[in-house]
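Undergrad: Quick one: the structure is below, questions incoming.
Each reported figure results from applying straightforward, stated rules to the coordinates on display, with no laboratory input. Computed from a prediction, not measured in an experiment: that's the story for all the values here. Methodologically, a virtual Cβ is constructed for each residue, glycine included, from the backbone with ideal geometry; neighbour enumeration extends over all protein chains shown.
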Amino acid sequence: MILKGKAWKFGDDISTDHIAPGRLFHLRSNLEEFAKHVLEDADPDFAPNMAKGDFVVGGKNFGLGSSREHAPTIIKMAGVSAVLAKSFARIFFRNAINIGLPLLICDTDRIKQHDVLELDLSRGVIKNVSSAQNIEFKPLPDVMIQILNDGGLVEHIKKNGDFNLF
């Protein structure tokens, strides 16, 4: 599974409130509209300017805070193909995988704003096309790629049954 897009760089400790602003809580029943505001408190230029397939690149502890499950959902709905960070908050990580949003733990220091990246999820390689550098990460297990390809954990279980998780 190869993904290609542009990097949108964020720092450490991007919370679920940065991702899904609490002041827009009334939009939780209109996720398409909510997705138009994704990450606007961290970078007001992100939502209106990102392209489908682009990547969110964070630092340490991405997705901390509440268990606001809307956060990974609106990232995916906005068209982000994966989130790369040095580390993720545990609940955010689980919520993202459950909805089929790939999260990659890797060194993000060598990725700059708007670098073009190619991710090979099976091989564990991020090719930074802009800087001609490769960044390695632990490849995703086959079952994880199946879950992502199926659109998340719920869809994977509907398709395959829960006996195919391991």
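Undergrad: Exposure proxy check: Glu155, Glu69 ranked by fewest other beta carbons within 10 Å?
TA: Fewest-to-most Cβ neighbours within 10 Å comes out as Glu155, Glu69.
Undergrad: Also: Which value, in Å³ per residue, describes the convex hull spanned by the Cα atoms of the chain? Present the calculation step by step, with values, prior to reporting the outcome.
TA: Numbers: hull volume 16.9 nm³, N = 166.
In the chain, the Cα hull volume divided by residue count equals 102 Å³.
Undergrad: Using the number of other C-beta atoms within 10 angstrom as an exposure proxy, rank Val80, Val129 with the fewest first.
TA: Val129, Val80
Undergrad: Let me have the 222 nm mean residue ellipticity of the chain computed from DSSP H runs of 4+ only, each contributing -39500 (n - 2.57), with the sum over all residues rounded to the nearest 500.
TA: Working: 7 runs with 47 residues, N = 166.
Value at 222 nm, helices only: -7000 deg cm²/dmol.
Undergrad: Oh, and also: Place +1 on the Cβ of every Lys and Arg and -1 on the Cβ of every Asp and Glu in segment 106-155, take the dipole about the Cα centre, and give the residue among Met144, Gln113, Gly124 whose Cα lies farthest towards its positive end.
TA: Sorting the options by dipole projection puts first Gln113.
Undergrad: Which of Asn30, Leu104, Ala78 sits closest to the plus end of the dipole of the chain, meaning its Cα is farthest towards the positive end, when Lys and Arg get +1 and Asp and Glu get -1 on the C-beta?
TA: Of Asn30, Leu104, Ala78, it is Leu104.
Undergrad: Quick check on the exposure proxy: order Ile147, Ile157 from fewest to most C-beta atoms within 10 angstrom.
TA: Ordered by Cβ neighbours within 10 Å, fewest first: Ile157, Ile147.
Undergrad: Cα centroids of segment 135-158 and segment 50-115: how far apart, whole angstrom?
TA: Going from one Cα centre to the other spans 15 Å.
Undergrad: Here's a follow-up. Quick one: go through segment 63-94 and flag any residue whose amide nitrogen is under 20 Å from the point 7 Å out along the Cα-to-Cβ line of Asp17.
TA: Inside the label zone: 63-75, 88-93.
Undergrad: Continuing with the same structure: So, counting K/R as plus one and D/E as minus one, what does the shell of residues with Cβ under 14 Å around Arg110 add up to?
TA: 0
Undergrad: Counting DSSP beta bridges with both partners in segment 2-160, what percentage is antiparallel, nearest 5?
TA: 55 percent
Undergrad: How many times 2.2 N^0.38 Å is the alpha carbon radius of gyration of segment 23-78?
TA: 1.09
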